[in-house]
Amino acid sequence: MFVTQALKPNNEFWRYILGSVVIILASLIGQIPLGIAITIKSLNSNGDLTDKRSVESAMTSLEPNLLLFLMLLSFVFAMIGIYLVVKYFHQQSFLSVTTGRKKLDWHRILFSFGLWALVTVITTLITYYTSPENFEFNFKPIPFAILAMIAIVMIPIQTSTEEYVFRGYLMQGFAVLAKNRWFPLLMTSLIFGGMHFFNPEVAKMGKIIMIYYIGTGLFLGILTLMDDGLELSLGFHAANNLISALLVTSDWSAFQTHSVLKDVAEPTAGIDVILPVVIIFPILLFIFSKKYKWTNWKEKLTGKL
């Protein structure tokens, strides 16, 4: 089983705490180029590096494609950190924090990616055609082509890094600590949601959007435990971020890109926050469960190890 692959002698929980510190440090190293770019931009505009608003202004004034690349670069370093920690600190194969299967199942990744990409495109088109006044046509061929090249390469690395950290590394780490399945599921969902607390969307739309972030973490954790691996969550997460970055941007989103559309409406947290968690995600779980013949839900989600 996927979560039990970490249950072995000399793989105590303290190793996961120390390993997490190493991964965070690797991510911070990857943020150095972004810091340098912000510093240069701020100094060139006579900004004050001790003023938060001045730094934020310098950051947002960077060319969007360059800013996106520099923001995503830290995830490349974090992924390297995960690989080194798993291989040399925990003495595990990278496959063991990926799946309980003998090899990575690309069909699962592609099916999950395609399903959520289709849902995202359809819902975006419905929203656009029902409320066109809330959008501006933002498409510019050359900037969009550069965006597409950056996004197609870098965003799957970003989303995969998050999946390996939360649904892979920490899911197994909390399983080592608690010797059950419900505690890792709960903790990784809460930490994943908490990681998004300082996103600009939260400041703009209010703390109620945390329902969506924590709910998404819970959904991805259920996928991982029921399907015995990260493949479905890897595909879903990549589709969610990639298609969103290419289709719609806004002045208040975490990723501000040369996308096709720009959302100019005043953001509000309403049914669009609750709907995915209580309706869409359960429907997706039903689809996945039928396709992959999931059984014994209670044991797989709450049972002891």
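The values are calculated or read from the model by the stated rules, or taken from the named source; none is laboratory data. Since the structure is predicted, the reported quantities are computational estimates derived from the model, not experimental observations. Because the Cβ atoms are built from the backbone with ideal geometry, glycine has one as well, and the counts that use them run over all protein chains shown. Accessible surface areas use protein heavy atoms only, side chains included; no ligands, DNA or RNA. Shrake-Rupley method; radii C 1.70, N 1.55, O 1.52, S 1.80 Å.
Okay, here's what the table says:
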item	result
Once exposed loop chymotrypsin sites (Phe, Trp or Tyr not before Pro) are cut out (DSSP; at most 13 other Cβ, 10 Å), longest piece of the chain	1-138
Intensity falloff of segment 72-169 expressed as log10 I(q)/I(0), Debye formula with alpha-carbon point scatterers, at q = 0.13 Å⁻¹	-0.67
Amide H partners (placed H, <5 Å) of residue 261, local residues excluded	138, 248, 249
Furthest towards positive pole of dipole, 10, 192, 240, structure part the chain, Cβ charges	10
Largest-first ordering by accessible area, 1.4 Å probe, given options 93, 250	93, 250
222 nm mean residue ellipticity, helices alone, for the chain (DSSP H n ≥ 4; -39,500 (n - 2.57); rounded to 500)	-20500 deg cm²/dmol
Long-range HN-HN contacts of residue 135 with modeled amide H, under 5 Å	264
Karplus (6.51, -1.76, 1.60) ³J(HN,Hα), θ = phi - 60°, over segment 161-168, in Hz, Gly and Pro reported as x	4, 4, 5, 5, 5, 8, 7, x
Segment 122-218 - charge dipole about Cα centre, Lys and Arg +1 at Cβ, Asp and Glu -1, debye rounded to 20	340 debye
Amide hydrogen neighbours beyond the local backbone of residue 254, cut-off 5 Å, H modeled	201
³J(HN,Hα) computed for each position of segment 17-34 - Karplus, 6.51 cos²θ - 1.76 cosθ + 1.60, integer Hz, glycine/proline x	5, 5, x, 5, 4, 4, 5, 5, 4, 4, 5, 5, 4, x, 8, 4, x, 5
